[in-house]
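Step one of this worksheet: look at the structure below.
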Amino acid sequence: MMHTLRWHHEGEDHHLWPLLLEREPGSSAVLDAMQAEHHAIDGPVLALEAHARGLVAGRTEPRDVMDAVKTLAKPLIEHLAHEEDEAMEIVSRVLSHRDWNDFEQRAWIDGYTVWESVRFVAWMVDGVEWNRPIRRRAGLPAPIYWAVVKPLALIAHVPGLSIWAGTPAARVRSRVA
Ligand SMILES: [Fe+2]
């Protein structure tokens, strides 16, 4: 999850803010704030990763990991609210749907290897109860569901094949509805 979060922020920093600045030079204060907030989140991300590794190695207490999650949650949630309120407002004003799709392709899809993409989708679908309403809400076309999502969701439950195999997370069995 931390890898994906970093990838997401880097995509915005390298591709989205410069594009918005080019389209609307008056938005620089908001865009500078977005970048500064991403940088402020880097420290808590590193700390959480270190505590999570420590937990696996037996040198960190679970409560230290939970504290690290809480330390990350505050600036991350504040940033998401700020981004939704102000940066996405600029996006909806100055970018077309086509611009947005091109940006997503350049920022997040092009640099991902096939294995990273599979791992990302497997992570997204793991533990989800894929009933009809959930599939409809996720906007999943039936061929994608049957060809990609369903097999990955099934694989997640095969010991040794799950992306969590060999980690303590393999023992977590809660379902997301
Ligand atoms: Fe962001």
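The values are calculated or read from the model by the stated rules, or taken from the named source; none is laboratory data. Just so you know, these numbers come straight off a predicted model, no measurement behind them. Every residue, glycine as well, gets a Cβ built from its backbone with ideal geometry; the counts of neighbours run over all protein chains shown. Note: accessible area is taken over every heavy atom of the protein model, side chains too, but ligands, DNA and RNA are not part of it. Shrake-Rupley method; radii C 1.70, N 1.55, O 1.52, S 1.80 Å.
Residue count for region 118-137, restricted to those that are open to solvent by less than 60 Å² (accessible area, probe 1.4 Å) and either over 15 Å from the mean Cα position of the chain (by Cα) or not assigned by TED's automatic domain parsing to the domain that holds residue 154 (or both): 5. If you go through region 41-80 and pick out every residue that is within 11 Å of the ligand (Cβ to nearest atom) and hydrophobic (A, V, I, L, M, F, W, C), you end up with 3. Within region 20-45, residues that are under 21 Å from residue 96 (Cβ atoms) and β-branched (Val, Ile, Thr) reach partners that are open to solvent by less than 50 Å² (accessible area, probe 1.4 Å) and within 11 Å of the ligand (Cβ to nearest atom) with beta carbons closer than 7 Å, at six or more positions or on different chains, in the pairs 30/87.
Given the structure, is residue 29 in contact with a Phe, Trp or Tyr (Cβ under 9 Å, 6 or more places away or on another chain) and more than 26 Å from residue 163 (Cα to Cα)? Walk me through it before giving the result.
Working: in contact with a Phe, Trp or Tyr (Cβ under 9 Å, 6 or more places away or on another chain): no; more than 26 Å from residue 163 (Cα to Cα): yes.
The answer is no for residue 29.
Taking region 90-109 as the search range and keeping residues that are among the charged types (D, E, K, R) and open to solvent by less than 80 Å² (accessible area, probe 1.4 Å), which one is nearest to the chain's Cα centre (by Cα)?
Here is the first cut: in region 90-109, the ones among the charged types (D, E, K, R) are 93, 98-99, 102, 104, 106.
Remaining after also requiring open to solvent by less than 80 Å² (accessible area, probe 1.4 Å): 99, 102, 104.
Numbers: 99: 21, 102: 19, 104: 13 Å.
This residue is 104.
Would you please name the residue that is nearest to the ligand (Cβ to nearest atom), looking only at residues in region 19-35 that are open to solvent by less than 60 Å² (accessible area, probe 1.4 Å) and part of a helix (DSSP H, G or I)? Full working, then the answer.
Residues of region 19-35 open to solvent by less than 60 Å² (accessible area, probe 1.4 Å): 19-20, 24, 27-28, 30-31, 33-34.
Those left that are additionally part of a helix (DSSP H, G or I): 19-20, 27-28, 30-31, 33-34.
Values: 19: 14, 20: 12, 27: 15, 28: 16, 30: 12, 31: 11, 33: 11, 34: 6 Å.
Going through the qualifying residues, I end up with 34.
Based on what the data block shows, is residue 60 farther than 27 Å from residue 166 by Cβ and hydroxyl-bearing (Ser, Thr, Tyr)? Answer is no for this residue.
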